[in-house]
Amino acid sequence: MNPRIYPFQSVEEKWQRTWDQLNLYTTKETNKPKCYVLEMLPYPSGRLHMGHVRNYAIGDAIARFKAAQGFEVLHPMGWDAFGLPAENAAIQHNTHPGLWTIQNIAEMKKQLQRLGFSYDWQREVATCNPDYYGHEQKIFLDFYKKGLIYRKESWVNWDPMENTVLANEQVVNGRGWRSGAVVEKRKLNQWSIKITSYADSLLKDLNQLKGWPEKVTKMQENWIGRSEGALVKFKLQHDQIQTLDVFTTRPETLFGASFCAISANHPLTEQVAAQNPDLRDFVAECQKMITTEEAVSTVEKKGFDTGLRVIHPLDEHKTLPVYVANFVLMDYGTGALFGCPAHDERDFEFATKYQLPVQAVVQTNQHLPYTGPGLVINSGFLNGLTVEKAREIAIRHLEETGQGEGRTTYRLRDWSVSRQRYWGCPIPIIHCPSCGAVPVSEKDLPVILPQDVAFDKPGNPLDHHPTWKHVDCPTCGQKSCRETDTLDTFFESSWYFMRYINPNCDQPLDREACQKWLPVDWYIGGVEHAVLHLLYARFFTKALRDCGYLTLDEPFQNLITQGMVCHETYQDAKGQWLYPDEVTKGDDGKPVHVQTGEKVVIGRAEKMSKSKRNLVDPQQIMDSYGADAARFFILSDTPPDRDFDWNTEALDGAWRYLNRVWRVIHEVIDAPKSAGETTLLKKAHQYLAKLTDAYERNAFNKAIAFHRELTREVEEQGEKTLPDQLNQVLKILIQTLAPIAPHIAHELWCQVTGDPHAVLHHQLWPTIDATLAAVEEITIAVQVNGKLKGSFATAPDSDTSVLEQHALTLPAVVEMLQGNSPKRVIVVPNRIVNVVF
Ligand code: ANZ
Ligand code: ZN
C-alpha cells in the first residue's frame, strides 16, 4: 500500500463495518447532558439527491461534534413513506405501492450507510408501517375527542391530476404544489383539524423560538396573519331583524363606506340567488375561481348588485347597496365586508367600476385611494381624531350601541386532512346510517390498509375495494362503512420525531422519555417547510400536550434551514436539457456535447432538478471520491443556510485535501526526529479555539478553512517539532476533522495513537489550552471622516464585522454620530476603521 495515497474505499468500508459492529451510534440512557439532533426525514423516492447529502452532512457534523463535547446524542433517521408517488409508480410499473416503497427504503438506506452518518438505526421508523400509523390513528381519535377534528362540507381545492384535495398551503400560484395542475374548486365532505384554535399560541410562542432563523418565524407570523379590528353589524333595510356582519380592520373609516360586499358562498347570497337566476350564474362563475388569497388578489374584481340595501350603523338615514363580489373570501372574517373606496385600493377599483361614491374620511393631500395615517374628517363624532384614536372610539361606540364589537381574526385556515388516496393512513372512523360518524374502538386499532387493491380506475382504491370498507357499527351493530379517506401525509411528519424517542412504545409516545429528550436541540431541513411542516409540527406539540402526552410548548429549539444545491444548466442547439456529464470543453475551450461535439449553451446555476437535468448523482461522487470527500465538499465554501453552487474543481479540491492531510501526517510521523522548539503547538491551540468556535456556530465552511490553515502549519513545522508536542498537534488536527470526514479521521487516529482498536468517537473534544491559545492583541485605530478619534485592542485577524461593531460603540464615535447611522464604514483589517457620515 502506498501510504501517500489515501485508500478511501477500504478505509471507509472498514470503519463502517466496525462502527456497526460496535453499535457506536446507539443512543444510551446515561447521565450525560442530552442533545437531540434531527434532520427532516426523507421521502423514499428511490435514490438520494445532493440536497439530502447536504442536509445530512450538516446534521451529522453537528451530531458528531456534540458527541465529542460530551453530550449523549440522539440522532435518528426514518422514512416519510406514505404519499402519492408510490401510487403513481404502482400504476406505471404495475407494482404495489408498499413494495415500491420498501425497495426504495432499502436502496436509500444503503446509500446513507455508505455515507457513514452516525444514525441510531435501531430507532428507524417508516410511517407506512402499521406500527407507526396505528399510533397515529390513536392520536387522531384523541384529537377527535378533544374537539380538534371535525367534518364538514366545504369548498376544497381539487387537484384534477392527482384526483385529490389539496390544503391551501399546497396550492402555489393556483396550481397543485406537486402536479402543477390548475386547481379547481369542489364541494366535499372533509375532515379538518382545528389548527385555528391554536392560532394565538402558535403566534405568541414564536417569541420562544430564539434559535430559529428570523425569516422562518416571520413567514409563520404572516401565515397566521393576525388582524385586529371590529365586527360590525349592518341591519338589512327590508328585514331589520337580520344583520349582515362584516369584519373590518378599519372601523374608523365607517363614515366613508359606500357599499357592502359578500362572498358568493355567503348564506345571504344563497337566499337571494334562490329567486335570481342571473345571480346564480354569477355565483357559478365565482365558484370556478380559485380562492387562495394570492389568486383572488390578482383576478379582475367583479360584482353583482343583489338589490338589497343595509342601513349605515352610524347614520340611520344612509343606506348602502350589497354586492356579491368575487374577491370576498367566505372563509376569512365573516365572508362579508364594507367597502371604503377612498382608503382601500381594491374598494377603489370596485367603486370606479360600479360608479359608487368615493368619500375621503382621512385627511390627505395625496390622491385617493390613500391608505396612510392622518386625521379623520367627514365623520361626525370621529372628526379631528387620529386614525388610531378614532378606531378605538368607533369600536367603543359600536359596542355601546350593540352594533358591533372589537374582533381579532386570523388568516390561518383549519387544516383539511382528508385525501382520497390509497397510500396513506386510514382515518379511523366508521359511518353508521343511524349513529353518524363513530370512532373505531381503540382495541380495534390499527385499521390496516388492505394489500389487495387495484388501480385500474380513477378515484380511491379503498372506496372500490370489494370488502374492506364494509363493517358493523361499533355502537349499534348496523351495517356501516369505513371512512375511505386517508390522512394528508403531513400528519405523519408532524410527530415522527417524538416516536423516534421510543419507537417500540405501546402508546403513541413514551411520556417520560419525551420529557427527557424533547425539545429537539437542532433541527435541519429545507426552508420550503417553513410554513407547512414546521407549523403543523408545532401545532401537534401543543395539541399532544393538551391531550396529556407532553409538557412542552415547542418542539424545535434551534432550526437550520439549509440552502439549495444549485448547478449550472446546459442546453443543446435544439434547446434540450443536457446532464452535466454530457458536456465537455471543446478545442477552443468552449462547452460542447461529449458525443456530437455540438455547441452547448450554459445557463446560470439553478436548484438541481430532474426537469433541467442539472443533477449530479451522489452515488457517483461516493464511488469516485468517497463519502468523506463528498461530505467535506458539500460543507466547504458556503455556510449551511446559503444556496450552494456546484463546483467540480472544489470537489476535486476536497478529495485532494483529504489526501494531503493523509500524506502530511504520514510524512511527519515518519520523519527522522531532529526536533527542537517550534510554535506549532501554540498555533494548534489557536486554531483549535477558532475551529471550536466555528463548529459551535455551525460555520462548517469556516471550520474547513481553518483546518486547511492548520494543516499548512503542520506541513511546515511538523518535522521540526518535539515528538510529544507533535503528537498533541496531530490529535487536534484529526479530531477537528472528524465531524466532517469521520472515516479518514478514525483511520489516522489509530495510526497516530498506535492503537488499531482505538475508537475516535469516544474521544472528548480536545481542550483548548488558554495560555497557548492566547494571541497578542493588536491596536486598531478608529477614524471618523478621516480624523483619528480613538483606538481599541483586539485579536489579530478579527472579522471586519467585529471591528466595525467595536468601532461604532466607541464613546467618541457614538457622540459624533448622534444616533444617525454612518454612510459608510471602511475597515482595513488589522489596522484601521474609518467611519464616514
Ligand atoms: C373596511 C375597510 C376600509 C377595510 C379600509 C380596509 C380598508 P386584513 O388586514 O388582511 O385582515 N375583508 C374583510 N373580510 C374579508 C373577506 N372575507 N374577504 C376579503 N376581504 C375581506 O384585511 C381586512 C380587511 O379586508 C377588512 O377591513 C375588510 O376591508 C376586508 F379603508 O374593512 B376593510
Ligand atoms: Zn350505529
> Only one of these conditions is not met by residue 424: (1) within 16 Å of ligand 2 (Cβ to nearest atom); (2) small (Gly, Ala, Ser); (3) surrounded by 13 or more Cβ atoms within 10 Å (Cβ to Cβ); (4) under 38 Å from the mean Cα position of the chain (by Cα). Which number is it?
Replying inline: (1)
>> For the stretch 463-520, give me each residue that is among the acidic types (Asp, Glu) and either away from ligand 2 (no atom under 16 Å from the Cβ) or within 14 Å of residue 540 (Cα to Cα) (or both).
In response: 463, 485, 488, 492, 506, 510, 512
> Would a scan of the stretch 400-415 turn up a residue that is under 30 Å from residue 97 (Cα atoms) and surrounded by 15 or more Cβ atoms within 10 Å (Cβ to Cβ)?
Replying inline: yes
> Which of the residues belonging to the stretch 84-108 are over 13 Å from residue 455 (Cα atoms) and crowded, with 24+ Cβ neighbours inside 10 Å?
Replying inline: 101
> Which condition breaks for residue 241 when tested against (1) among the hydrophobic types (A, V, I, L, M, F, W, C); (2) within 16 Å of ligand 1 (Cβ to nearest atom); (3) not in a helix (DSSP H, G or I)?
Replying inline: (2)
>> Test of understanding: among 370, 354, which residue is aromatic (Phe, Trp, Tyr), within 12 Å of residue 261 (Cβ to Cβ) and surrounded by 15 or more Cβ atoms within 10 Å (Cβ to Cβ)?
In response: 354
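Every residue, every condition in (1) of a type outside the set (D, E, K, R); (2) farther than 29 Å from residue 196 by Cβ, yes or no:
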{"site": "310", "(1), (2)": "yes, no"}
{"site": "314", "(1), (2)": "yes, yes"}
{"site": "317", "(1), (2)": "yes, yes"}
{"site": "328", "(1), (2)": "yes, no"}
{"site": "350", "(1), (2)": "yes, no"}
{"site": "383", "(1), (2)": "yes, yes"}
{"site": "396", "(1), (2)": "no, no"}
> When the residues of the stretch 430-453 are filtered to those that are within 22 Å of residue 127 (Cα to Cα) and free of Cβ contacts under 8 Å to residues at least 24 places away in the same chain, which remaining residue is nearest to the chain's Cα centre (by Cα)?
Replying inline: 450
>> Return the pair list, or none, for Cβ contacts closer than 7 Å from residues in the stretch 31-46 that are in contact (Cβ under 8 Å) with a residue 40 or more places away in the chain and within 24 Å of residue 563 (Cβ to Cβ) to residues that are surrounded by 20 or more Cβ atoms within 10 Å (Cβ to Cβ) and of a type in the set (Ser, Thr, Tyr), at least 6 apart or on different chains.
In response: 38/523; 39/56; 41/493; 41/496; 44/101
>> Quick check on this structure: which one of 334, 319 is touching a residue at least 24 places away in the same chain (Cβ under 8 Å), among the polar types (S, T, N, Q) and away from ligand 1 (no atom under 14 Å from the Cβ)?
In response: 319
>> Just to be sure before I move on: is residue 295 under 30 Å from residue 438 (Cβ atoms), of a type in the set (Gly, Ala, Ser), within 16 Å of ligand 1 (Cβ to nearest atom) and part of a helix (DSSP H, G or I) in the structure I sent?
In response: no
>> So for the stretch 64-72 (the condition being in a helix (DSSP H, G or I), free of Cβ contacts under 8 Å to residues at least 40 places away in the same chain, surrounded by fewer than 21 Cβ atoms within 10 Å (Cβ to Cβ) and not assigned by the TED database to the domain that holds residue 461), does at least one residue qualify?
In response: no
> Quick one: would you say residue 324 is closer than 27 Å to residue 405 by Cβ, away from ligand 2 (no atom under 16 Å from the Cβ), part of a strand (DSSP E or B) and in contact (Cβ under 8 Å) with a residue 60 or more places away in the chain?
Replying inline: yes
> Of the residues 349, 399, 316, 388, which single one is under 28 Å from residue 285 (Cα atoms) and not in a loop (DSSP other than H, G, I, E, B)?
Replying inline: 349
> Is there a residue being away from ligand 2 (no atom under 16 Å from the Cβ) and under 42 Å from the mean Cα position of the chain (by Cα) anywhere in the stretch 304-315?
Replying inline: yes
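Table: residues versus (1) over 22 Å from residue 655 (Cα atoms); (2) among the β-branched types (Val, Ile, Thr).
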| residue | (1), (2) |
| --- | --- |
| 734 | no, yes |
| 739 | no, no |
| 756 | yes, no |
| 764 | yes, no |
| 768 | yes, yes |
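The values are calculated or read from the model by the stated rules, or taken from the named source; none is laboratory data. Bear in mind the structure is a predicted one, so any value in this text is a computation, not a measurement. Here Cβ is always computed from backbone atoms with ideal geometry, including for glycine, and neighbour counts include all displayed protein chains.
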